[in-house]
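The values are calculated or read from the model by the stated rules, or taken from the named source; none is laboratory data. Values in this document were obtained by computation on a predicted structure and should not be read as measured data. Virtual Cβ from ideal backbone geometry, glycine too; neighbours counted across all protein chains shown. Protein only, heavy atoms only, side chains kept; ligands, DNA and RNA dropped before computing areas. Shrake-Rupley method; radii C 1.70, N 1.55, O 1.52, S 1.80 Å.
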Amino acid sequence: MQQLNGLITDAANRRAEALLEGVADLGTVADVARDLGLSWNAVDKAIKKYERRKTDGTTTT
């Protein structure tokens, strides 16, 4: 189970990093969300959760 949680965290980290790259390329969270067909809230939450994990030192990448 712990290995599965690690894999899920790794995937979420990669997704958030890709979203951050999208923000850098497109300019805003809303632009990334629009481009992906997601709500801006979903994109924003994923990025913020990643940043919290990163500052807590719990990222596994």
All conditions in (1) in a helix (DSSP H, G or I); (2) open to solvent by less than 90 Å² (accessible area, probe 1.4 Å); (3) modelled with pLDDT under 95 are true of Thr59 except (1)
Looking at (1) β-branched (Val, Ile, Thr); (2) open to solvent by 70 Å² or more (accessible area, probe 1.4 Å); (3) modelled with pLDDT of 95 or more, can you tell me which one Val43 breaks? (2)
Pairs under 7 Å by beta carbon, first residue at negative phi in the range 36-56, partner assigned to a helix (DSSP H, G or I) and open to solvent by 100 Å² or more (accessible area, probe 1.4 Å), six or more apart or different chains? Ala46/Arg15
Just a yes or no: is a residue in the range 11-18 surrounded by 13 or more Cβ atoms within 10 Å (Cβ to Cβ), in a helix (DSSP H, G or I), touching a residue at least 24 places away in the same chain (Cβ under 8 Å) and aliphatic (A, V, I, L, M)? yes
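Anything in the range 19-40 that is exposed (fewer than 12 other Cβ atoms within 10 Å of the Cβ) and under 11 Å from the mean Cα position of the chain (by Cα)? List them, or say none. Walk me through how you get there before you give the answer.
Restricting attention to the range 19-40, the residues satisfying the condition of being exposed (fewer than 12 other Cβ atoms within 10 Å of the Cβ) are 21, 24-25, 27, 37.
Within the range 19-40, Glu21 is the sole residue that qualifies.
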